[in-house]
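Derivation of every value follows stated rules applied to the coordinates shown; laboratory data play no part. In this text the structure is predicted, and so the values were computed from the model without any measurement. Neighbour counts are summed over all protein chains in view; Cβ atoms, including those assigned to glycine, are modelled from backbone coordinates with ideal geometry.
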Amino acid sequence: MPTPQAPPKSIRKHLAPEAALSALVVRSVIQLSAEIQKRMENFVRPFDLTGPRMGVLLVLFFSQQQLSPSELGERLFVTRGNMTGLIEGLVKDGLVQRVRRADDRRAHDLELTRHGRALVKEYFPHHQRALASLVAGLTPSERLELAKLLQKVRTGMGTPEPPTRS
């Protein structure tokens, strides 16, 4: 994929320069996100998992504590409805288990089972290799700068008012 130097002429024709540049940035981030997800899916497929399911296992593994479904969802940027489906599948597969809270018998937290922990330990070296591969074209200082810029975009994002149709 060529490195964008400027927004394509077709976009510049319809948008003001600042809007065209914003469109280029957003489109590039969306394309990068999709490409990363596609490549990471290839790494988890041999483990009979999806990226989001492995994400749950990794968060539980590295948190080294039980987490509520909502805490997991917040860390993974996953909606409550999607989180329920992920958890159900992982519990059914014996990778995650529910644990009743001592202070509130109606609520439960989640933790890895022995099988889930073993799977993460087997997978993690591959995960590290995948992450290194994804940013191999950047120097360490460029990686840090990109991380800072992406965080700056994330924290500075506005929420535009949705349009209304008449």
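Across the chain, what fraction of all alpha-carbon pairs, as a whole percent, falls in each successive 5 Å bin from zero upward?
The percentages, shortest bin first, are 1, 7, 12, 15, 16, 14, 11, 10, 7, 4, 2, 1, 0.
Long-range amide H contacts for T113: which residues qualify at under 5 Å (H placed 1.01 Å from N, peptide plane, sequence gap of 5 or more or a different chain)?
So T113 has HN proximity to V96, Q97.
To make sure I understand, if each residue's beta carbon is the centre and we count other beta carbons within 10 Å, what order do T139, T113 fall in, fewest to most?
Ascending number of Cβ neighbours within 10 Å: T139, T113.
So if a site counts as exposed when it's one of the trypsin sites (Lys or Arg not before Pro), its DSSP state isn't H, G, I, E or B, and it has at most 15 other Cβ atoms within 10 Å, what's the longest stretch of the chain without one?
Free of exposed loop sites, the longest segment is 1-100.
Test of understanding: in a Gaussian network model of the chain with alpha carbons linked when under 10 Å, which of P46, P17, P69 would top the mean-square fluctuation ranking?
Taking springs between Cα atoms under 10 Å, the residue moving most is P17.
Counting Lys and Arg as +1 and Asp and Glu as -1, each charge on the Cβ, what is the dipole of the chain about the Cα centre in debye, to the nearest 20?
240
Averaging sequence separations of C-alpha pairs under 8 Å and six or more residues apart, then dividing by the length of the range 51-151, give the relative contact order as a whole percent.
24
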